[in-house]
Amino acid sequence: MDHFKAEVAVYGAYGHTGKFVVAELAERGYTPRHVGRDAAKLPAGGWQAAVDDPAALDRALDGAAAVINTAGPFATTAAPLVEAALRAGIPYVDVAAEIEANRDTFSHFKDRAGNTSVVPAMAFFGGLGDLLVTTAMGDRTTGGEVHVAYGLSGWHPTAGTRVAGAVSGERRGGRRVRYSGGRLQYHTDTLPVLEWPFPAPLGPRDVIGEFTMADVVTVPSHLAVPEVRTYMTATAAADLAAPETPAPAAVDARGRSAQTFMVDVVIRSGTEERRITATGQDIYAISAPLAVEAVDRILTGRVRTTGVASAGAAFDAPDFLRALSPHLSVHTPDGGTFTAR
């Protein structure tokens, strides 16, 4: 397939993350197909399709090489888009951060996807952490404890993030979630405040322990690890919780915000500890090269498995991270570094 001619449908193309995905596709030679629920927000030639209208979804995906779903809440959009992708026989990738929505994609479609690639959570939360964990694990498929600490300079959430968070909260009945003992557990415990020893230049920071993100779905989907714990810098968590925190504002030509991030992964097994760290700018913007790289690898046959699979299972994780070097700096367990340009 000549990817310079291939059309890739982007559902939610006019949204904050959708715009980054559209730009990334065009930059890499694909033709983005704008699809969404709101006809008024679509450009001329765009495809309007509600998630509860299978016929409209089928028309919108007809002739597309793949679909990237960037429209939350994914509890509402993921299943209908996966169904439409399976009917069209094309790969499906999304950028869902919602724990329950990602769990549903794995559970509902693992026996139905067949040879069609379905990759949920191919984004900053879920996908990136899974790639980092898989790289650090090397040839191992079992381990003890996986810790993923998110060092965000701040968090100006999009409207979509707030809506998705509200939907997840309703689904949990206000409870919190953790992954321990090899399963998701729902609880009402108060989350602890800890100090996490981020490497330089960030350094030690207060974090909210058990600030659980999509890594608790993606990592255990293919690695036998009984504990997956995620952490968030306390300042970023406070930003997210405050209703008056504004949406992200662009500061460069790519439309990225000034937000910086560090994802610090530590894997502990007995007395052994492995560590890998990634740094970059703008958690929403980085989701675009993650999702588009995934689609490119699927369409060019560079996948390890088909069906429903997380990033670490579907792709060669170290090679995938190297491909992201224009966007990320990754410090690997053996001391190597991939530096963003």
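Annotations for the structure displayed:
- Sites D52 and H187, calculated FRET efficiency, Cβ-Cβ separation with R0 25 Å, nearest 0.05: 0.15
- Of the GluC sites (Glu not before Pro) found in region 141-246, the ones in coil according to DSSP and having at most 12 other Cβ atoms within 10 Å of their Cβ are E244.
- Mean residue ellipticity at 222 nm, helices only, the chain: -9000 deg cm²/dmol; runs of at least 4 DSSP H residues each add -39,500 (n - 2.57), and the sum is divided by the number of residues.
- The largest accessible area among R274, R175 belongs to the first residue in R175, R274, and the rest follow in falling order (1.4 Å probe, all chains).
- Distance from the C-alpha centroid of region 232-254 to that of region 25-47: 27 Å, rounded to the whole angstrom.
- Region 165-264: C-alpha gyration tensor shape, a/c 1.5 cut-off, then a/b vs b/c: prolate
- On the principal axes of its alpha-carbon atoms, region 99-151 has extents of 33, 27, 17 Å, going from largest to smallest.
- Here the convex hull built on the C-alpha positions of region 7-132 has a volume of 105 cubic angstrom per residue.
- All-pairs alpha carbon distance profile, region 209-332, 5 Å steps from 0, percent: 2, 8, 15, 20, 21, 17, 11, 5, 1, 0
- In this structure the chain gives 41 Å² per residue of accessible area when probed at 1.4 Å with all protein chains present.
- Spatially proximal lysines relative to K41 (Cα-Cα < 26 Å; intrachain offsets below 8 disregarded): K5, K19
- Kirkwood hydrodynamic radius (C-alpha pairs) into Stokes-Einstein, region 17-80, 20 °C and 1.002 mPa s, D in µm²/s: 173
- Of the listed residues M232, M213, the order by accessible area with a 1.4 Å probe, largest first, is M213, M232.
- All other residues whose Cβ lies under 13 angstrom from that of G126 are scored, Lys and Arg at +1 and Asp and Glu at -1, for a net of -4.
- Inverse of mean 1/r across different Cα pairs in region 142-220, Kirkwood, Å: 14.5
- Translational diffusion of region 56-191, µm² s⁻¹ [Kirkwood Rh, Cα pairs; Stokes-Einstein; 25 °C; 0.890 mPa s]: 147
- Stretchable slack from R28 to S269, in nm (0.36 nm times residue separation minus alpha-carbon distance): 82.8 nm
- Portion, in percent, of the accessible area of the chain that falls on carbon or sulfur, probe 1.4 Å: 50
- One quarter of the convex hull surface built on the alpha carbon atoms of the chain amounts to 16.4 nm², the projected area averaged over directions.
- Peptides 302-315, 70-83 ordered by packing proxy, namely the average of other Cβ atoms within 10 Å per residue, highest first: 70-83, 302-315.
- Measuring only protein heavy atoms, the 1.4 Å probe finds V219 accessible over about 0 Å².
- Relative packing of peptides 280-292, 52-64 - highest average C-beta neighbours within 10 Å first: 280-292, 52-64
- Cα principal axis extents for region 218-262, largest first, Å: 41, 27, 16
- Rounded if a/c under 1.5, otherwise prolate or oblate - region 128-170, Cα gyration tensor axes: prolate
- The calculated FRET efficiency for the pair T142 and K110, based on their C-beta separation and a Förster distance of 22 Å, comes to about 0.60.
- The modelled label-to-label distance between R162 and D62, using points 7 Å beyond Cα along the C-beta direction, is 3.9 nm.
- DSSP-loop chymotrypsin sites (Phe, Trp or Tyr not before Pro) across region 2-47, with at most 10 other Cβ within 10 angstrom: F4
The values are calculated or read from the model by the stated rules, or taken from the named source; none is laboratory data. Fair warning: this is a prediction, and the values are worked out from it, not measured in the lab. Cβ atoms come from the backbone with ideal geometry, glycine included; neighbour counts cover every protein chain shown. All accessible areas refer to the heavy atoms of the entire protein, side chains included, with ligands and DNA or RNA removed. Shrake-Rupley method; radii C 1.70, N 1.55, O 1.52, S 1.80 Å.
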